Every structure is written in structure tokens, then in C-alpha cells.
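Rule-based calculations on the coordinates, nothing more; no lab input. Fair warning: this is a prediction, and the values are worked out from it, not measured in the lab. Neighbour counts run over all protein chains shown; Cβ positions are idealised from the backbone, glycine included.
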Amino acid sequence: MRKSLCAVIVLLGLSGGCAGPQDSRSGGQSVTSHTESDGLDAIFTHPSSDSIPDGRRGEQIRLGYQLVVHTQEFASSYVGNRLTCTNCHLDAGLDPNSASYVGLSRAYPEYRARTGLVVTLADRINECVERSLNGKPIPHDSHKLRAIVAYIEWLSKDVPSGSRMAWRGIPRLHPTKSPDVVNGTKVFTARCAFCHGADGQGTMAAPPLWGPQSYNIGAEMARIPVAASFIKSNMPRTRGWALSDQDAYDVAAYINSQPRPDFPGKGHDWPKGEKPADVPY
Ligand code: HEC
Ligand code: HEC
């Protein structure tokens, strides 16, 4: 209930009201978080639209919001598929169960094993542009990239520096059995095809899950435990936590066994080793 109310409030114009401690994201299941920090636990909260400043900064924040919600329209020259940032970062990045943007500007710059470098928030946004959106990085001096950063900075303003963000990222789902793609196909037909299309290519109601218009193999969503966890807490849309861990894992394995764009830069990933076993290349 809280989540769908948030969605409505957000879509109506960025008003606050979704603050509050996060409900159990794991639903008591075997979800493990992959981010750690030593600080105090922060409470999931985000500012209300009244606090958007006037003038240029305010315009920048509002443009950043448009870019993440209407990515196809506002960032068409960079996007290479039919996805939008908020197809995965639900409710304009305000949903604590889908890699929320809240607090992120407090976490960057940060070392990332995948690039082997300390990356800025702008760098990390471009990783999603190149992989999740199968596109071209937005230049660092672009006002559009700065606008997305400004939006995330504004969303993070009430999260104290150095605090632990329990909601951060998408945890990994690790069920005890290995994935069963045959069961995954059944789950897909029964629970997903209605919105995403029997061929997974998306419909008016939902974005594509595989094929040329989907995320590429370099995306985090292309890792089965990540997709499984996202699906578990958020799909079918507005009815999260309805699938068992095993069904979420199996359907994630089915989706990620389907064809999707390659990521030509994949050979540069994890330059210092430690590539996780669930990476599909
Ligand atoms: C009621 C319609 C509906 C159903 C049923 C549904 N989805 Fe979705 N799904 C959506 C919508 C809508 C989005 C985009 C969310 C947004 O933009 O707010 C989405 C997004 C996604 C995404 C991330 C974006 C992408 O396209 O890669 C994945 C993965 C996903 N769904 C998987 C599933 C799976 C697996 C099932 C079945 C267990 C499922 N969905 C069932 C509507 C649905
Ligand atoms: C296909 C789904 C998908 C799309 C589309 C997508 N992302 Fe992501 N994004 C993810 C996943 C999955 C992660 C990894 C979360 C994790 O680390 O657990 C992520 C991570 C991020 C992070 C880092 C989060 C953190 O905790 O450090 C940022 C910032 C980000 N995305 C921004 C964007 C922006 C901006 C867009 C649009 C330009 C976008 N993403 C589009 C799925 C997506």
C-alpha cells in the first residue's frame, strides 16, 4: 500500500510523503545485501518538491527528473534501446526496493571492482547508460549528465554523510537449488507475458525483457541473482513479494538465457580480477 501511494504521489509532481523506515525488503527470504559501511543507519527519506530551490539549480533538478522518467524523450541521442531509467529504478528512483537514488550522492566517489577505479556518480550513471540502456555515454560536460547528478544530489540531501543506507542497491537472491529454466518458462507465461508480451519484447503496458531493445549483457540486470531479487520485490508490477524465491530465480534465469545485445567493452571489466561467477561473460 505504501509503495503504490508513493508512486501516485511521485508521478503527480514530485511531492514528498513517502518517507519512513523501510519495510522488510527481504520478506524474510534469503536476500543478502552487498553494500557495507561503518556509519549509523540512515532512515529512508527524501525531500518534498517544495524544497527544490528557485533559479538555475531548481531547473537543473527538474530536468534531471525528466531525464530519468522520460529518458526516451530527453536523452534520445544517448539511449540505444527502449528502456527508461525508471523502468528499473522505480518511482523516479524513490522506491527503496529497486536501487533507489536516495542517498547516492553521499556514497560517491567510490571504488568499483568492475572498473578497477574510483568512480564518480556521473561515471556510475554512464555505466547504466552504456549497459542498462545499451547506449553511448553522456559527455561529462553535458548539462544533461549534470542535471541527473543534480536530481540525485537533491534526493540525497536529507541523508547524512557517512551513514549506512540499508536500502542501497539491489540485493542478491541466492536460493538453495540451481535455476530451473523449464519452471522459469512456466512462471513467465503465467505471471509476466500478460504485460511484457509472450515474446518478451515489451508491450504498451511494460518494457522489453530481452531482444535488441533490452539491456545488454554488461548490465547488472543481466546477472541472474540481481534480476531475481528485483523481480522478487517488484514484479508483477505493484504486486511485489508474490513469487517464491525459487520462482523469481527461475524466471530470472529464463529471461537472462534469452538473446540480448552484446557489450563490446566487456573485456575491460574487472581488470584486477575477482569477477563474480554470476556474470554472463
Ligand atoms: C502488470 C504488468 C506487469 C507484469 C504482470 C509484470 N511486469 Fe515487469 N514491469 C512492468 C512495468 C510497467 C515495468 C516498468 C516499471 C516502471 O516503469 O515503473 C516492468 C519492469 C520490469 C523489469 C525491468 C525493466 C526491463 O524491462 O528490463 C523486469 C526485469 C521485469 N519487469 C520483469 C518481470 C517479470 C519476470 C515478471 C513476471 C514475474 C513481470 N515483470 C511481470 C509491468 C509488469
Ligand atoms: C535495466 C534496468 C536498469 C536501467 C534501465 C537503468 N538502471 Fe541503473 N542500475 C540498475 C541496476 C540493476 C543497478 C545495480 C544496483 C546494485 O548495485 O545492486 C543500477 C545501478 C545504478 C546506479 C548506482 C546505484 C548505487 O547504489 O550505487 C546509478 C546511479 C544508476 N543505476 C543510475 C541509472 C540512471 C540515471 C539510468 C538511466 C540513465 C539507469 N540507471 C538505468 C538497473 C538499471
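Some observations on this one:
- Acute angle (nearest 10 degrees) that the helix 121-130 long axis makes with the longest principal axis of the chain, alpha-carbon atoms: 40
- For SER51, net neighbour charge (Lys/Arg +1, Asp/Glu -1) across residues whose Cβ lies under 10 Å away: -1
- Global geometry of region 172-268, whether rounded, prolate or oblate, following the gyration tensor of its Cα atoms and the 1.5 cut on a/c: oblate
- All distinct Cα pairs of the chain go into the 1/r average, and the inverse of that average, the Kirkwood radius, is 19.2 Å.
- Stretchable slack from ASP278 to LYS186, in nm (0.36 nm times residue separation minus alpha-carbon distance): 30.9 nm
- Packing-based ranking, highest mean first, of 194-206, 75-87 given that Cβ atoms within 10 Å are counted: 75-87, 194-206
- The chain: angle of helix 224-234 to the longest principal axis, Cα-based, in degrees nearest 10: 70
- Were the residues from ARG237 through ILE43 laid out at 0.36 nm apart, the gain over their Cα-Cα distance would be 67.4 nm.
- Helix 143-155 and the longest principal axis of the C-alpha atoms of the chain enclose an angle of approximately 90°.
- Annotation: extensible slack from ASP141 through ASP54 equals 29.1 nm (criterion: 0.36 nm per residue apart, minus Cα-Cα distance).
- For the pair LYS266 and VAL118, a Förster radius of 25 Å applied to the C-beta separation gives a FRET efficiency near 0.75, rounded to the nearest 0.05.
- Dipole check for the chain: with +1 at the C-beta of Lys and Arg, -1 at the C-beta of Asp and Glu, and the Cα centre as origin, the magnitude is about 200 Debye.
- Taking label positions 7 Å along the Cα-Cβ direction at both SER76 and ASP199, the computed distance is 2.4 nm, reported to one decimal.
- For region 49-169, the square roots a ≥ b ≥ c of the C-alpha gyration tensor eigenvalues yield an a/c under 1.5, which makes the shape rounded.
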